[in-house]
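The values are calculated or read from the model by the stated rules, or taken from the named source; none is laboratory data. Only a predicted model underlies this, so the values are computations on that prediction, with no experimental measurement involved. Glycine gets a Cβ as well: all are built from the backbone with ideal geometry, and neighbour counts include every protein chain shown. Just the protein is used for accessible areas: all its heavy atoms, side chains included, with ligands, DNA and RNA removed. Shrake-Rupley method; radii C 1.70, N 1.55, O 1.52, S 1.80 Å.
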Amino acid sequence: MRLWLLAILLILQGELGAREVRYPAGLYTGNPAQFQMLDQRAVNTTPEQEASLAGLTHYLTAPAQSELQKVRVIWKWITTHIAYDVEGYPKKNRPMITKASEAFHQRIAVCGGYANLFKAMADMAGVEARVITGKTKLDVGQLWAIGHAWNAVRIDGYWYLLDATGGAGTVLDFYHPDKARYTFRYEEYWFLPHPKYMAFSHAPEDPDWQLLKDPVLPYDFLYFPLIRPEFGRLGLWFAAKPSGQIHIKPDQ
């Protein structure tokens, strides 16, 4: 039993090698302060600058001096301007917004729309990106009923992950569709999180996109605990195989 527990921990702590990965990303220190000017540029765009997707992408990335900066300013615009499409899901009052063009023009999207929009803008900026699809967890031992979509992006030759849906905000009363409503609640954690933390919440259909040398198996993913963003932000890790939910109070 002890050997089995050790093997699980080694899987999660092992070298990242399924694809070329390096942390931190480029010159990214994990401190968003280095992006202050780009973040302000993204947050404060005008209707004229947002007249077309291509024009917006060009405006946002014009001052960027690296692929990392391009990725950041695109990410910041999406996560501060695109709301979750609660009328499409969970209310199901109409078809969900999943296309990049629809997400851009209507400023709403489900996860596929967020991911497709990020990829479209990254393509326009000359940055390689992929849409990754898979599963996420509702609770320990319980998957969300529908799939999820997020992104992988290549920066300076190395792959990283991000989830613009999680970064933008949250749907309140998700399981009470008549009451469901969206609130913007920016979450920095989902911008280029380390894959070993991402593996607790995101299970891509292609295990290679876990970006781990030894991908986590489906059964282990299902029963790993739910960890909150503070856990990863503080750089915490496990001394033994965990279970249940792990909460970290950010002010303590």
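Centroid-to-centroid, using Cα positions, the stretch 109-155 and the stretch 163-234 are 11 Å apart. Note on the stretch 71-173: with neighbouring protein chains present and a 1.4 Å probe, carbon and sulfur make up 50 percent of its accessible heavy-atom surface.
In nm, to one decimal, how far is the modelled label at Ala54 from the one at Arg181, with both set 7 Å along Cα→Cβ? Result for the modelled spin labels: 4.0 nm.
If the chain linking Lys213 and Thr133 were pulled fully straight, counting 0.36 nm for each residue of separation and taking away their Cα-Cα distance, it would gain 26.9 nm.
Could you tell me the relative contact order of the stretch 78-211? Use alpha-carbon pairs under 8 Å, at least six residues apart, and round to a whole percent.
Relative contact order, the stretch 78-211: 24 percent.
These residues, Arg228, Arg41, go from largest to smallest accessible area, 1.4 Å probe, as Arg228, Arg41. Accessible surface ranking for His202, His81, 1.4 angstrom probe, highest first: His81, His202. Taking 0.36 nm per residue of separation and subtracting the Cα-Cα distance, full extension of the segment from Asp220 to Gln142 would add 26.9 nm. With a cut-off of 11 Å on the backbone N, the residues of the stretch 65-101 near the modelled label site 7 Å out from Gln34 along Cα-Cβ are 68-69. Please say if the stretch 42-166 is rounded, prolate or oblate, where rounded means a/c under 1.5 for a ≥ b ≥ c the square roots of the C-alpha gyration tensor eigenvalues, and otherwise the choice is prolate for a/b larger than b/c and oblate otherwise? Taking the square roots of the gyration eigenvalues as a ≥ b ≥ c, the stretch 42-166 is oblate.
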